[in-house]
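Reviewing the structure listed below.
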Amino acid sequence: MHQQKRQPELVEGNLPVFVFPTELIFYADDQSTHKQVLTLYNPYEFALKFKVLCTTPNKYVVVDAAGAVKPQCCVDIVIRHRDVRSCHYGVIDKFRLQVSEQSQRKALGRKEVIATLLPSAKEQQKEEEEKRIKEHLTESVFFEQSCQPGLITMAILRT
């Protein structure tokens, strides 16, 4: 008996969307970060069409904000930050990638990517290093050496 291979019925909004990275960080003092790439993956057996939406479209240029992804393929989406004024430092913007089946209108899935403009890459690295060191010190366990061979006492010190 010949069985026909059927595609499962896709529920609106529940299809997982695979995009990398999930966060974009732009640095005002580093022009090379003003243009970044999102990669949208399609691991499915059917083609997808996609659309990129943004909470603040006046701050960004999205090259190819809509298009299609073949089955088991990926596409790169270029995003440029075009308004790097200091009033935008630390503001979190969002991009939403909506996907649907090539022949359908309803959105099958979506994924949000956050974007932030920071003043300086050097300043950010310094802050992250200080935070990492502070976390490492607060989570450390110190052992006290005993005068008796083979006996170690443990003291947890938190700073």
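The values are calculated or read from the model by the stated rules, or taken from the named source; none is laboratory data. Since we're looking at a predicted model, the values are computed, not measured. With ideal geometry, Cβ positions are generated from the backbone for all residues, glycine too; neighbour counts draw on all protein chains shown. Accessible surface areas use protein heavy atoms only, side chains included; no ligands, DNA or RNA. Shrake-Rupley method; radii C 1.70, N 1.55, O 1.52, S 1.80 Å.
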In debye to the nearest 20, how big a dipole does region 18-120 give about its Cα centre with +1 on each Lys and Arg Cβ and -1 on each Asp and Glu Cβ? 400
Lys and Arg at +1, Asp and Glu at -1: neighbours of D64 with Cβ under 15 Å from its Cβ sum to +4
Among V91, F20, P71, the residue whose Cα sits farthest towards the positive end of the charge dipole of region 18-120, when +1 is placed on the Cβ of each Lys and Arg and -1 on the Cβ of each Asp and Glu, is P71
Might you tell me the accessible area per residue for region 73-117, computed with a 1.4 Å probe and given in Å²? 55
Just the number, please: carbon plus sulfur as a percent of the accessible area of region 18-120, 1.4 Å probe, no ligands or DNA/RNA counted. 52
Rounded, prolate or oblate: pick one for region 18-120, where a ≥ b ≥ c are the square roots of the eigenvalues of its C-alpha gyration tensor, a/c under 1.5 means rounded, and failing that, prolate if a/b is larger than b/c, else oblate. prolate
Counting only other residues whose beta carbon sits under 11 Å from that of T55, what net charge do I get with K and R as +1, D and E as -1? +1
